[in-house]
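A short reminder: the numbers here are calculations on the coordinates, not readings from a lab. All of these numbers come straight from a predicted model, not from anything done at the bench. Glycine gets a Cβ as well: all are built from the backbone with ideal geometry, and neighbour counts include every protein chain shown.
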Amino acid sequence: MIELYSPKEIALLKKKRNVWIGIAVAVAVLALAFCIFFCARTDTSNRDRMLLGTIISSTLGGWIVITLTHFVIEDYRNAEKHIVAVLEGPREYEEGPFEWTGEHLRVRKGISMTGIRKVGAVKGNLYLYDAKKKSFQVERAVRVCTVYGFVAAYEVSDDLD
Amino acid sequence: MIWIKRIFSQMHRYVLWLLISAVFWGWIFTIITDTIAAKKVVLYADVPYIADRELAIELEKDLPEGIRMVQVHPFSYALFNTLDTDSSDLYILPEQEVADTIGALCPIPQEEAGEDAFVSDGVAYGWLIYSSDTKKGSASSFLNYHTDQETDQNFYICFRSSSRHLGEWNGSDDDAAVILAKRILSMQ
């Protein structure tokens, strides 16, 4: 069986997530520093411009933090949750051969999956995490191990080697 | 395409943050960039038009000792907060307004009142800054005293009785408000 998921991935994702959290904090601190800088440089003649600068810094900083939090950091967290669920979930096995269904699905608000099915089956009921596509050879898979319908591992046919 | 959709799905957060940012920093900015009452002189002008920032910049070119800031506001600035006008040091008011707010004004000593001062019950309360007879006023490049729609009247520069900048007039530490009022009167 070729395993698609490993506990090492969780540690790596956590590390990446922490780096992005650090970047988000740095952006927030930088935006705050700009706001304080604009306030400190204010006098009667440039008051309106400095206030505008402060609001723009704060707004842009906040938007960047929102973007990082809701897309990058949250995606890493969701990927982490997905991997933990697959590693700890009950395993089932299904015999192949398999083919792509062409169906795409997003789970946990952002993790993209591609559907696969048994050759000849009308409806696909299995999904492969897109990040695992490079490690999965659908045409060689003869048996797959699934957890909650997600492909967690697979066996390849020796005949095709 | 998916990314654009995802970003649009968070649009309410972006808009909310923009509003919070504008309101919060508008408020914080005002607090941070302000200074204590002892170090600033505040002028409110109830005139049809005032170039408030330009007048403040002009007055700040030569500040009296111990003063760091001059704030100039039209009366409309304090429309929702009368405490602002209550904390003012100087007022530029039309004749009728002077009569109505006389209880809040500091009497001007007789030797400094001059001939054109606003006088009530023998006490002077304001220096004439614009005369409706001659149509001439001080600091006219910053202040417009009359419009075609309004009945023309005299304008006076007055002092709030509890100002911290009237010197011997009310026993305060410095006379910065009096110095600045004289400077406004001397402006073209």
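Cβ crowding within 10 Å, taken as a proxy for footprinting-reagent exposure, orders A:M113, A:M1, B:M11 from fewest neighbours to most as B:M11, A:M1, A:M113.
By the count of neighbouring beta-carbon atoms within 10 Å, fewest first, B:F118, B:F155, B:F24 end up ordered B:F24, B:F118, B:F155. In plain terms, the residue of A:T101, B:T35 with the fewest other Cβ atoms within 10 Å comes first and the most crowded comes last, giving B:T35, A:T101. Here's how it looks for A:E103: its modeled amide H is under 5 Å from those of A:G115, which are all 5 or more places away or on a different chain.
Calculate how many DSSP beta bridges within chain A are antiparallel, expressed in % of all such bridges and rounded to the nearest 5. Don't jump to the answer; show the numbers that get you there.
On the way: 24 of 25 bridges.
Roughly 95 percent of the DSSP beta bridges within chain A come out antiparallel.
Each residue of region A:142-148 was assigned a 3J(HN,Hα) from its phi angle through the Karplus expression (A = 6.51, B = -1.76, C = 1.60, θ = phi - 60°), giving 10, 8, 10, 9, 10, 10, 6 Hz with x at Gly and Pro.
At a Förster radius of 30 Å, what calculated FRET efficiency corresponds to the Cβ-Cβ distance of B:Q10 and A:A33, to the nearest 0.05? Write out the running numbers ahead of the final one.
Numbers: r = 25 Å, r/R0 = 0.84.
Step by step, r from the Cβ atoms, then E = 0.75.
Sorting the segments B:65-71, B:164-170 by their residues' average number of neighbouring beta-carbon atoms within 10 angstrom, most packed first, yields B:164-170, B:65-71.
In summary, the lysines within cross-link reach of A:K123, defined as a Cα separation below 22 angstrom excluding same-chain residues under 8 places away, comprise A:K132, A:K133.
Counting only alpha carbon atoms, the long axis of helix B:11-33 and the longest principal axis of chain B meet at about 30°.
Just the C-alpha atoms of region B:137-188: what Rg/Rh do they give, with Rh taken as the Kirkwood radius? Don't skip to the end; give the middle numbers.
Numbers: Rg = 13.8 Å, Rh = 12.6 Å.
Radius of gyration relative to Kirkwood radius: 1.10.
Given R₀ = 51 Å, FRET efficiency for A:N18-A:V142 by Cβ-Cβ distance, to 0.05? Walk me through the intermediate numbers first.
Details: r = 39 Å, r/R0 = 0.77.
Calculated transfer efficiency: 0.80.
Remark: region B:55-63, residue by residue, has Karplus-estimated 3J(HN,Hα) of 5, 4, 4, 4, 5, 6, 4, 9, 7 Hz, where x stands for each Gly or Pro and the curve is 6.51 cos²θ - 1.76 cosθ + 1.60 at θ = phi - 60°.
Can you divide the C-alpha Rg of the protein assembly as shown by 2.2 N^0.38 Å and report the result to two decimal places?
Values: Rg = 36.0 Å, N = 349, 2.2 N^0.38 = 20.4 Å.
Output field value: 1.77.
Distances between placed amide hydrogens fall under 5 Å for B:N154 paired with B:E95, B:S132, all partners being 5 or more residues away or on another chain.
Provide the percentage of antiparallel DSSP beta bridges, counting only those with both residues in the protein assembly as shown; round to the nearest 5. So the antiparallel bridges amount to about 80 percent of the total.
What does the helix-only formula give at 222 nm for the protein assembly as shown: each DSSP H stretch with n ≥ 4 adding -39500 (n - 2.57), the total divided by the residues, and the result rounded to the nearest 500 deg cm²/dmol? Before the final figure, lay out each step's value.
Numbers: 10 runs with 136 residues, N = 349.
Calculated mean residue ellipticity at 222 nm is -12500 deg cm²/dmol.
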